[in-house]
Each structure stands twice: as C-alpha cells, then as structure tokens.
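S.K.: One structure coming up, written as structure tokens, with questions to follow.
The values are calculated or read from the model by the stated rules, or taken from the named source; none is laboratory data. Worth saying up front: this structure is predicted, and the values here are computed from it rather than measured. With ideal geometry, Cβ positions are generated from the backbone for all residues, glycine too; neighbour counts draw on all protein chains shown.
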C-alpha cells in the first residue's frame, strides 16, 4: 500500500517536471519565431547615427561568413527610410524594402537576402530623422547566419 502511494507521487512529480520542460521549450521557440530566427544566430554587424535632417551612411561589415537575412533596429528616436542597399562581397548589390518609418525601440522583420548565405561587404542607408529632439537616433544592423 505504501509502495503504491510512493509510486503515484513520484509519477506525478515526473509528469509535472516533463510538462514544465516542454512548456519552457515551446516559449523559447515562440520567442525565436517572433525575432525571425530560423535555426541560425543573429550577429551584431554595426551601427550608424543619424546626425542631421537627412543622412546617408554606410555600415562596413567586418564579420566573415555568409548571412541569409538582415534586421535593422532603431534606438533613441524615429527614422524615416528612403533607401537601403546591401553590397555583397562578390560585387552584387541588392535593394532592400524597409517600412518607411521605424520608431525608437522598433525592429524590422527578418529581411531575407537573395540566394543562399552570402558574404556582406557593407550596407548603405539613406534616411532622415523622424520625430526626435534631444538625442540622435542610432541604427543597429544584425545579420542571421
């Protein structure tokens, strides 16, 4: 009788632990999907600062290896994008469609790059400040391997 009760308690504890592990794994997958992650890792590639009303910057990418997607993040103010061009190591260029305006704290979706994994030499950006006063916005660039 006592053995049977012990087996039931141990079984219930194991079941609860298993459910907790499965639940935690599911949350991690949902978080990765929200970031646009598809089994790779996001690497920080560089940043640029919006200095004036209209600006043009080029972020040189020193990271070696291929990337299959990019993501832009805006901090400290809004940025209105005019054009974004990715320059690949093989000399090809690719124009990227970015939503017109990103507010502080927003990120673009994962922006797929053409072909398989491609080496990136630089990303050229044409943009202007959105609606900011005291601090100049910072644009951060990430690449998905």
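S.K.: Considering only the stretch 75-145, give the strands (runs of 3 or more DSSP E) lying wholly within it that have at least 3 residues that are under 20 Å from residue 61 (Cβ atoms) and within 18 Å of the chain's Cα centre (by Cα).
M.R.: Qualifying strands (runs of 3 or more DSSP E): 79-88, 120-129, 138-144.
Table: residues versus (1) within 24 Å of residue 93 (Cβ to Cβ); (2) outside any helix (DSSP H, G or I); (3) at pLDDT below 90; (4) not assigned by TED's automatic domain parsing to the domain that holds residue 107.
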| residue | (1), (2), (3), (4) |
| --- | --- |
| 7 | no, no, yes, yes |
| 11 | no, no, yes, yes |
| 14 | no, no, yes, yes |
| 19 | no, no, yes, yes |
| 23 | no, no, yes, yes |
| 51 | no, yes, yes, no |
| 58 | yes, yes, no, no |
| 70 | yes, yes, no, no |
